[in-house]
1. Tell me the residue from 128, 135 that is touching a strand residue (DSSP E or B) at 6+ places or on another chain (Cβ under 8 Å) and either in contact (Cβ under 8 Å) with a residue 40 or more places away in the chain or over 16 Å from residue 188 (Cβ atoms) (or both), please.
2. Out of all the residues in region 6-40, which are more than 21 Å from residue 82 (Cα to Cα) and out of contact with any strand residue (DSSP E or B) (no Cβ under 8 Å at 6 or more places or on another chain)?
3. Residue check: is residue 37 surrounded by fewer than 16 Cβ atoms within 10 Å (Cβ to Cβ) and not assigned by TED's automatic domain parsing to the domain that holds residue 218?
4. Working carefully through the options 57, 103, 95, find the one that is at pLDDT below 90, in the same structural domain as residue 8 (by TED's automatic domain parsing) and within 30 Å of residue 17 (Cβ to Cβ).
5. What residue, of 223, 254, 259, 191, is within 24 Å of residue 126 (Cα to Cα), at pLDDT 90 or above, in a helix (DSSP H, G or I) and not assigned by TED's automatic domain parsing to the domain that holds residue 20?
6. What is the residue count in region 169-181 for residues that are free of Cβ contacts under 8 Å to residues at least 24 places away in the same chain and closer than 21 Å to residue 136 by Cα?
7. Assuming residue 79 fulfils every condition listed in (1) over 13 Å from residue 28 (Cα atoms); (2) part of a helix (DSSP H, G or I); (3) free of Cβ contacts under 8 Å to residues at least 40 places away in the same chain apart from one, which condition is it?
8. I'm trying to understand the selection: among the residues of region 123-132, which are surrounded by 12 or more Cβ atoms within 10 Å (Cβ to Cβ) and modelled with pLDDT of 90 or more?
């Protein structure tokens with residue numbers, strides 16, 4: 001169906017403020033005619049008209065009874081198809097759903113206007129060979145002792161012994177200490193991983209200068225505020241206090257949202273350059289790619 005789009009689609013693009021574009025699109029000919037035929041065929045198979053069996057209603061009656069429904073269904077199906085084909089044809093990368101207006105449709109022609117916000121042009125720095133510092137992770141007896149002392153303090157115990165270890169399902173104090181050693185090791189490992197990932201993020205975002213789409217910032221801010229509202233409500237904070245707190249932190253949340261969107265867009269651009277599939281796992285896959293290609297230095 002789309003093979004002949006290039007010959008029958010007309011597009012006109014105008015630059016607007018704030019990284020927005022106005023795309024005027026028109027298609028005509030068989031694309032529109034065939035869509036009407038497809039829609040009327042489906043209506044004919046399902047329509048219930050007195051005096052006729054389903055699938056045997058004459059076309060002129062279908063036209064008379066269901067022309068409005070057919071018109072709406074053609075718009076519903078054809079606008080997204082044509083819009084997406086126009087983006088592909090014009091190589092436009094959008095970041096938000098379009099604002100569709102000025103829609104006109106007859107039996108041979110469809111035209112409409114789409115206002116879209118486009119992804120910013122991002123000039124990537126060299127993201128391979130980023131220097132990261134790591135150190136061999138060790139768990140010392142003092143680390144374990146501090147952990148045990150914190151247990152003693154929080155539970156107001158005078159002594160930690162085999163009896164206490166058994167109360168936590170460990171056969172002896174020495175086995176409890178071994179378990180704590182493993183736990184502390186994993187904690188230190190996770191902390192170092194987070195530190196290294198932050199070094200990577202700082203390196204790829206430093207001096208990155210591009211216009212961040214406000215629609216993405218607003219969307220991320222709304223998500224963060226919605227989650228914060230849920231978390232605080234579950235802690236029993238009264239509604240008036242909750243509203244007051246969220247209002248007072250709105251500016252800070254927007255700043256955090258802007259930074260998160262900036263990081264996301266840079267990671268997405270790297271994914272595009274490295275042919276990493278664009279899906280929910282893309283940011284983590286890009287981070288793994290950057291870590292594999294980093295310049296590891298022992299601290």
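The values are calculated or read from the model by the stated rules, or taken from the named source; none is laboratory data. On a predicted model such as this, the values are computed, not experimentally measured, just so you know. Note: ideal-geometry Cβ built from the backbone for every residue, glycine included; neighbour counts use all protein chains shown.
1. Answer to the selection: 135.
2. 17
3. Here the answer is yes, as residue 37 does meet what is asked.
4. It is 95.
5. After applying the criteria, what remains is 259.
6. Qualifying residue count for the region: 2.
7. Against the list (1) over 13 Å from residue 28 (Cα atoms); (2) part of a helix (DSSP H, G or I); (3) free of Cβ contacts under 8 Å to residues at least 40 places away in the same chain, residue 79 comes up short only on (1).
8. Result: 127, 128, 130, 132.
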